[in-house]
Structure formats: C-alpha cells, structure tokens
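Here is the structure we will look at.
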Amino acid sequence: MNYELVCGIETHIELATKTKIFCGCTTEFGGAPNTHCCPVCTGQPGSLPILNRKVVEYAVRAGLAVNCTINNNSHMDRKNYVYPDLPKAYQISQFDEPVCENGYIELDSGKRIGITRIHIEEDAGKLVHENGTTYIDYNRGGVPLIEIVSEPDISSPEEAREYAEKLQLIMRYVGISDCKMQEGSMRCDVNLSLRPVGTKEFGTRTETKNINSLSNIVKAMNREIERQEDILESGGKIVQATMRYDANTDEIYPMRTKENSDDYRYFPDPDILRFYIEPEFVEKTKSSLPELPSAKLRRYIDEFKLPETTARDIYKYRRVSEFLDKAVAMGASVKNTANMIIGGIYKTLETEEDKENFAIKTSAEQLSELIRLIDEKKINKNKGQEALAKMLDTGKAVSEFIKAEDTQGMSDDELRAICEAAVSANPDAVSNIRAGKGKAINVIFGYIMRETRGKADMGKVNKIINELIG
Amino acid sequence: MALSKEDFNKLAVLSRLRFSDEEAEKFRNEMDDIIAFADTINNAVSGGTDDIKNTSIDAVGFRELREDEVRESLPNEKILSNVEGHKGFFNVRRCVG
Amino acid sequence: MKELLTTLSTKLKNREISSVELTNEYIKAIEAENEKINAYVHTTFDYAIECAKRADDMLKAGDASPLCGIPMALKDNICSDGHLTTCCSKILDGFRPYYDSTVWTKLKREGAVLLGKNNMDEFAMGSTSESSCYGAPKNPRNTAHVTGGSSGGGAAAVAANMAAYTLGSDTGGSIRQPASYCGVVGLKPTYGAVSRYGLIAYGSSLDQIGPITNSVRDASLVFDAIKGVDINDQTSVDHEYGNITSQLTGDIKGLKIGVAEEYFEGIDKETKESVERALAFYEANGAELVSVKLPILKDSLPVYYIIACAEASSNLGRYDGIRYGYRAGDYTDIDDMIYKTRSEGFGKEVQHRIILGTYVLSSGYYDAYYKKACLLRNDIIRKFDEVFDVCDVLIAPNAPTTAPTLGYSSKSAVEMYMSDICTVPVNIAGLPGISIPCGKDKDGMPIGMQILGRKFAEKTILNTAYFYELNNKNVIGEYEGGVNL
C-alpha cells in the first residue's frame, strides 16, 4: 500500500534576553553548575515568579514575523509534572491564551505551513546521570523559551527541513535568538503519522524529540517513516510513543515512558497577573521588524540582479546579508561586493557556524571603500583580493594596503608609452602574435604588468596593443 | 460521585504519594465524603458567570512587567546550603543495599 | 486591651529599658511557658539578641520607628535568611531558607527583634493547629483547648505574652479564627496589600500575611510597617494608604454596618448573642445597622476548598527531597525516592488535600470542579461588591463556636471544613477582615467578631474595631504569665 505522511513540528527556541523569564539571573550559556541561580529559578519555597517584559516582546516579534495574530489578553498557566530538572514540579507555560496564534510560513514552492500558536514558557534544568547518581544543574532552569507549534501541514521530510530552516532564519533575522540547534537554543520535536494515500483520517502519531540539526530532521523522519511503514505493512498498529533519534547510529527507538505522561492539570498561575499587550505596541513592533528573509531574497534577485545561488549564499546568514546591504548602501557595487564576500571572505570562514557568526576583522565601511576602488577601476580585482586578504588577516584599514600611487591611475599617454615599449622590447612575441599564436600576447601583458606594478587597466591595454600590432 | 480504585491510584501517581491498600481504602472512603462536599458546588445559588478570565486574576499592563536587567545570582554555597551537594551539583545518589 | 506596642516603644525610646533587656524578658518567658503552650517550634534567641543590639543602636541614634527594638515572631511558613522555616511539616525538616521574606526585610529595617517561628497546622492546612508535626499549641486561656489555626502558635504567643506581636498568614481564616479563639486581635489584609514573597505557599490566590496583636492600634502599627507593593511579588498592589495608625479616631458616627443573617446561621447561641450585643453597642453609639443578603456564603466553602486544594496540589509538588528538607533514607531510584519522601514527609491532612486538588484539576473533572469554582468565585466577588454599595463594613462572628478542646476536631474532614464557613468568603473575594474579642463564653473562652470591608478598606475596618476597643476595655482579661511590664 502507498502511504502519505502527515507531520507537524513543535519548535522550542531559547530567547536571547539578558535575564531569565521569571527572575534576574543571567541566561548566559555555560557557567559552573548552579551559579546562575536564585530562590526563584530553583523553586525555593516562598519565592515568586516575576515575568520579564522582554520575553513577551520577543514572542510578539516572533509571531508577527510568521504572520500570527497577537492576543492582546494573555496569561501564564502551570503545567504540572514531576521531574528532577523541574524544581517547582510545574513548568510555567501558556495553555489557552498563548501570545500568538494562526500564522504561517511560506515554502519556496508557495505552499504554506500553518502555525497554530506561539507561547512563552520556562526551560528546565539539566540532568547528568553517572554511575547511578543523578546530578542536577539549574543554570538553564527558567531560561525563556518560545514554543512554535505548526499545523500538520508538512508532507515530506524535505518540507520539514525547509520549514525548520526558514523558521530558524526568520527568528535570526528578527533577532530574538541565535537558534543554534547544536547548542540546543533551537530544538525540534517532530510529530509524524502515516495514512493510506487518499484517506482523510489521521493515523496514530509518534513524537520524535530533540532533534539537534536540520539534516537530522530528514534522517530521523526517514527512519521513523520506514519504521511505521514496516509496522503497517505487516498488519500491525502504531502505538503512540515518544521516539528518540540517535544520530550516531542513525537509529530510532522509543524513549522510556513515564507513568503519568498525559495529565498536566493546566491551570492559570495565581502568582502571575494576566497581562495586556496594547494594540499600539503590536503595531509599533510590526513597523520595527527588519526586512524578512523572503523579501530580502526577492530583492537580491530582482533588484540587485544577483544570480539566485549567490543571493541564497548571502541571505541565509543574517550578518552577511546585513554586511552586504551596508557596503552597498555606502556606494559599493552589488556585484563586486557579492563576489568579494563569496570569493574572498567566505574562503576564511570554513563552517556554517563561522559564516553564521561572521566574526571578521574588517567592516562594511572598509570593504565598501575597497570595492569602490575596484568599481572605479583605480585598482584591479586581483589587487583588491590581495588587499582584502590582508585586511581580513590583520584588521587594518584599506589604506594600509593600497598606497596612493597604486590608485593614482595612469594617463592614457603614459599607458600608451609603456605599451609601445613593450611592443618594441618583444619583437619575437609580436611576430608570433601576427602569425596567429594568440598566447604570445601574455608576454606583452606580463611586461606591462611588471612595468605598472599591476595597476594597468587591462581593458585599455588590450585596445592599445591591438592598435599597435594591428 | 464515588472514586474508583483506578481513579484513586491515578491521583496517587500524579501526586507522587504511595498508600498501603488499607490506607488507600480508608482514604478513598473519606475522599467520597469530600467529593460529595465538593459536589455541592453544583447546587450553588448562583449559576456563576461565563467568563473565567475577567475577575479571578487582575490584569496588568504590559509596560508594568519586569525590565530585562540582570540581578546578581546567589553563590553556589547558598544555592546548595540545604543539601549535601557534589561539585556544585544537586545530586541524588543511588542507594546501596 | 492593652496598646502594648505603643507602651513598649515609649519605654524603649525613653531608655527605661533597652531592647536587649526586653528581649531577654521575652526569652525568659518563652523558656518558662513554651513547654506548656507550645507556641514556638523554632527559636532564634542568638539572632534576637543580635537584632536587639542593632535596635538599641538605632534607638540611641533617635528617629527610630514604633516597632524598633520590639521582640516578635513569625509563623513557621514565613522565611528568614538562615533560620529554620518548616511549615510544621516533616517534609521541610531542617530547612533553612537562604533569603528573607519581604515582610521580614521590612520589619528588620525598622529594628524588629525576631524571637523565632510559631507553631501552625502543617502547611497551614487546618483550623486547630493540631496537624503540626511538632504537636498542637495550647490555648493560653485554657490549655485543654485548641488555639485554633492555622496560625495557632502565633495567636497563643501573643495571648500568653511570649511575643509582643506575631505575623501569621490567612488563607481561609488562619489569622482571624485563632485570634478569636485566643482572645487577641488578628488582621487579614486585602489580597495584595502585603507582599507574599517569602511566605511558603498554600493557596496562592488566597494567602495573605497579617499581624496578630494585643490591640487594634497595635495591628494597625504592624500593618503600616509591612504593607506596600513589592517588586518580588507581582500580585502585590500599589495602594496609597498613608499612615493608617495616625488616622485612627474611633469615630463611627454615621457608619453603615451591614448585617447578613446568613453569617449567623448555625452559630452557637453564646457567640451569636455576643456579636449581636456588639452590634447593638455600635448602633447605640451612632452607627446605622443595615440588613443585607449574602446567600452566596454557603457556596463559599466548596469554592474555597476546591481552589485552595487545587493550588496547594501544585504548590506542594516541589517537595521532592532533592533541593531541601526531608529525603527518605532508603530508595531504589530517584522516582522511588520522591514517592517515599512525599509519602513519609507529608501528614495525612496534607495528603488529603493534595489528592483532592489533583482530582479537581485532572482531565475530565477540571470543568466540573476547578473551573466552576472560579466562575462562582467571580460571582462571590460581585455579590460582596454589591453589599458594600449599601454599607461600609460587615460585622459577623468569626467561628460557629469558641475554641474546642484538643482532640475534638479529629472528626470527619468535611465537618472540619464546615467550621470555616465564617472566615473563607473574605479570602475568596480578596477582602480585608479583622477579628477582635467581643466576649467570653460560660467557660471563659474568648468569643471574637470579625469586621469586614471592601478592598483596601483597612482604615475603615481598623477604625471600626478601634471604636469598640476604646469603649470595651479588658473584654478577655489579662493573662498571668509571660512578659508583663
């Protein structure tokens, strides 16, 4: 039988606020165990949560960026469950009045993946099990999260990957999180079921938790689809379960189930007042959103006339695209800037993460200055590349590497004189050229480059030599 | 409405409480009285209002929420002052025997 | 009734006695009386002397507050940095919080002297303080009787002159009822008037800290010191009260006192008559009695127990033996440890309420119980609003009876819950209420009445109570033991 996939994704994203969601402890990653803690985030008896406004602001930003409606009235609920990483035995989350609802993300195909809701909640601490002892660190406890819940609109692992990638990029663009899947600041849980093609009813679904890279989304889903197909083919039934994907072995297996898996007894947290998000604030946030990835890509292709692959190579890193836009705004040409980034800067940034972080030693101002020299043909591209390499290496200004005489240019008469000298100094090459051996021209060019220390405009040289040799 | 044994057990698990059979039976009987008492809510003079959200908790303006400013965390010794910690961690050791 | 705090403050300011001397008097009294009364479960005498020395410095420097140098105590569910705070539960055995509650921060700043922590019902769940893991406190008026609860130790400490005042917490009457049983004054402030930060939660939307004192003026002085909005408690409210104590006049001319007959149903004859006599006294002195209807009162009990237990079941989930308090000694794994810790650490009444709370929140029952209770709560709030449109205060009995004898309350849970009928409505609606003595029964046990007001009407209810106190000295009579200066 042929099956079709029904899939929705729940994405947890750690927000880049300075402090935790309910206390003033830092959200910084790492730190010695239990040093970013206070009575509130360790659930001391008598402590009370105080909601961080920035968390609500970021959630609104996230929601607007994926076309959600913002609920002006919202509140926090308690989700009750017992686990040692949860110091209050309840997670403060949102149940029936999330900050955002009803959005979508559009895939390249034009298909929209619906977003059911985005709510705010607190992260749990971390457990380490060693030789039968459980060690607990609450540094991460209380770090603010948004949970983005998609509709079951995804129908292939590739769509799932694209959805997650787009979501990641959008959230990075609006600046609410670095969304690093490896570090856990973005985590995807994939809900997946199969049904015979053409049927309407949903099959029993499983949830694959905490997938830690985009490519693993595809791999994990493929394993789970195979597993479910095998069961269905052999006449078995899918059991609702939480699955875990092991990237090292490329295997998927069910996680140990907890006794009380499914009754969270949500109720409004009496310690936190309901809050009202003014429509004016929502409007203000909307107008303060930066250009979103899809619009940026369209602009790069339509207005900047960049080839699509180049445009994509740049837009998928927020900082790079900002760098390009800035250099261009300061007068550099799009084409030369894009080429310098991909042909020059990217050579020094090996990994995806390096490109994402884009921690380079030069600035858009400096790059734009360099590129203007190229644009105005005061130096040629080779010279430009050399200078860029040195700028990236040392962090020094363009002027350190391009001397005044390099950029003075050369009058047409001076250039003609050097060309004439080249012709008369290389009679053999001239006759070879005249005999149709085109490659011999390189001897002439070499002479000219040496004489001009590389700053000759080769277009002009070509023209003069043609005239001289005929 | 009487509480079935299964229901009672489920509540005990959710509450992380364990009872001996005898205790559970006694407790379950007492619970029946208490539930009957809670059920009197259904004979309330008032029908209640339809919106749980309006008055049960006051609303606060968004601007009145806490600013995102770091407050110093407490030293690890304080955080662990009520337990025997291990290298800065809370820990639960496996019991031997 | 004696205006103890003003008297002590004057003596301290005039240097007739130093805070250290006064503190030592109280320490002696506690050492002498506590075996009999069991009002204290933890004492902090060394710290008290430290506080007293600091207070003496402040007094010497002049400009000290009226509470400076005066020894007091906190209920065993109010945190102070480094001091045992155990909610009288085995599960918090040995627990020393590492931060101060906001009320203690405020009092400490004023120069208060902390003597220790007072006995109470385990996690404040009860009406007699008999569920304390340290054994019940005894009523100083007659030690065969209970103190009431849950702030029983705090009421007993004040009644037996073992503290100049104490702070209790009131979730469903836990300040007012023991104050009434012990013949002292107890103020339950408006929800949000006093920060809950550092109060170990029972029912978060109902809990409120308040003073237990010898007199109305004393209650007002303490309330003035602890009230106010707090950045650590989002549910605290920024209300402009001003200094209430300086506004107490005892003038009740034209005051409209609401009397709801529902409050007097099922009340003991002696109690009922005593409160009625007080009402007549008010009327004779220029107040106007207004008859009002509050049929929603009888709905309050199930609404209260459903909401309080639901919140408690969630609030008490954190006691898992991992971060503080008791941890079971023998277990197979972490899950087993949590089960054993909780089953061994919580007393039966607490376990009852956790199970009930879990039940009313669980799927399938949420709408029928918890949600319904919340809807009714809104209705109760609205009905009280309507009543306070036609009167300034309500006056009612505090409890159906005077303090029962010890052990009497080990009747059925439901019967026990019913005895809270007079006190819980105010908590549901978040209103302020004060309990003051208004008589004695034939056995000499105190009878109290409560004066209730609309939100933030503490000044009105305190002034109404102040009038009665000014004109009815020594309703209960002096206690022989303890500190008598």
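Some notes on this structure:
- Set of aspartates and glutamates with alpha-carbon distance to C:K227 below 12 Å, sequence-local pairs under 8 removed: C:D238, C:E240, C:E458
- Extent along the principal axes, Cα only, for the protein assembly as shown: 137, 80, 62 Å, with the longest axis given first.
- Accessible surface of chain A, 1.4 Å probe, proportion on carbon and sulfur as whole %: 47 percent
- The 3J(HN,Hα) values that the Karplus relation (6.51, -1.76, 1.60; θ = phi - 60°) gives for region A:124-134 are, in residue order, 9, x, 10, 10, 10, 9, 8, 6, x, 9, 9 Hz. Gly and Pro appear as x.
- Candidate aspartates and glutamates - alpha carbon under 17 Å from B:K5, same-chain residues fewer than 8 apart omitted: A:E259, B:D21, B:E22, B:E23, B:E25, B:E30, B:D32, B:D33
- Assuming charge only on the beta carbon of Lys and Arg (+1) and of Asp and Glu (-1), the dipole of the protein assembly as shown about its Cα centre is about 2000 debye to the nearest 20.
- Listed cross-link partners A:K361/A:K381; A:K111/A:K335; A:K20/A:K166; A:K54/A:K180; A:K126/A:K209 are compared with a 22 Å cut-off, the Cα-Cα value being larger for A:K111/A:K335; A:K20/A:K166.
- Nearest-20 debye value, region C:178-279 charge dipole, Cβ charges on Lys, Arg, Asp, Glu: 200 debye
- When chains A and C come together, the accessible area they lose, probed at 1.4 Å and totalled over both chains, is close to 2900 Å².
- Qualifying lysines (Cα of each under 18 Å from Cα of C:K440; at least 8 residues distant if same chain): C:K2, C:K138, C:K269, C:K272, C:K473
- Relative contact order (percent, whole number), region A:412-469, Cα cutoff 8 Å, 6+ residue spacing: 41 percent
- Between the C-alpha center of region C:243-261 and that of region A:66-136 there is a gap of 50 Å.
- Region A:357-385 and region C:81-99 have their alpha-carbon centroids 66 Å apart.
- In terms of distances greater than 23 angstrom between alpha carbons, the cross-link table entries C:K188/C:K455; C:K372/C:K459; C:K108/C:K188; A:K200/C:K371 yield C:K372/C:K459; A:K200/C:K371.
- Relative contact order [Cα under 8 Å, 6+ residues apart], chain C, whole percent: 18 percent
- All other residues whose Cβ lies under 9 angstrom from that of C:S435 are scored, Lys and Arg at +1 and Asp and Glu at -1, for a net of +2.
- Long-range HN-HN contacts of C:N118 with modeled amide H, under 5 Å: C:V41, C:L74, C:K75, C:D76
- Between the alpha-carbon centres of region C:444-485 and region A:241-309 there is a gap of 58 Å.
- Per residue solvent-accessible surface (Å²) - region C:1-111, probe of 1.4 Å: 38 Å²
- Of the GluC sites (Glu not before Pro) found in region A:1-96, those in coil by DSSP whose Cβ has at most 14 other Cβ atoms within 10 Å are A:E28.
- Cα gyration tensor shape for region C:350-485, rounded if a/c is under 1.5, else prolate or oblate: oblate
- Region A:15-64: trypsin sites (Lys or Arg not before Pro) falling in loop per DSSP and having at most 15 other Cβ within 10 Å: A:K18
- Residue-wise HN-Hα couplings along region A:315-328, as the Karplus relation 6.51 cos²θ - 1.76 cosθ + 1.60 with θ = phi - 60° gives them from phi, are 5, 7, 10, 3, 5, 5, 5, 5, 5, 4, 4, 5, 4, 5 Hz; Gly and Pro carry x.
- The slack between A:A389 and A:K403, meaning 0.36 nm per residue of separation minus the straight C-alpha distance, is 3.5 nm.
- Base-10 log of normalised Debye intensity for chain C (one unit scatterer per alpha-carbon) at q = 0.09 Å⁻¹: -0.54
- Proximity of backbone amide H atoms, modeled 1.01 Å from N, is registered between C:S174 and C:S150 at under 5 Å, excluding neighbours fewer than 5 places apart on the same chain.
- Taking C:L462, C:L470 and ordering them by how much accessible surface each has at a 1.4 Å probe, largest first, produces C:L470, C:L462.
- Occluded residues from region C:338-355, i.e. those whose accessible area drops by 30 Å² or more once the chain is not alone (1.4 Å probe): C:I338, C:Y339, C:R342, C:S343, C:K348, C:Q351, C:H352, C:I355
- Against the criterion of solvent-accessible heavy-atom surface with a 1.4 angstrom probe, A:K381, A:K126 sort, most first, into A:K381, A:K126.
- Rounded, prolate or oblate (a/c below 1.5 giving rounded, otherwise prolate when a/b exceeds b/c) for region C:227-297 by Cα gyration tensor: oblate
- Heavy-atom SASA rank of C:S291, A:S150 (probe 1.4 Å, accessible area, largest first): C:S291, A:S150
- Chains B and C together bury some 5000 Å² of accessible area, summed over both sides, with a 1.4 Å probe.
- Relative contact order of region A:3-281, defined on C-alpha pairs under 8 angstrom at six or more residues apart (%): 25 percent
- Peptide C:364-374 has a mean shielding of 5, counted as Cβ atoms of other protein chains within 10 Å of each residue's Cβ.
- Rounded percent of accessible protein surface that carbon and sulfur make up, chain C, 1.4 Å probe: 48 percent
- Per residue solvent-accessible surface (Å²) - chain A, probe of 1.4 Å: 45 Å²
The values are calculated or read from the model by the stated rules, or taken from the named source; none is laboratory data. The structure displayed is predicted, hence computed values, not measured ones. Every residue, glycine as well, gets a Cβ built from its backbone with ideal geometry; the counts of neighbours run over all protein chains shown. Ligands, DNA and RNA are stripped out before the accessible areas are found, and what is left, the full protein with its side chains, is counted by its heavy atoms. Shrake-Rupley method; radii C 1.70, N 1.55, O 1.52, S 1.80 Å.
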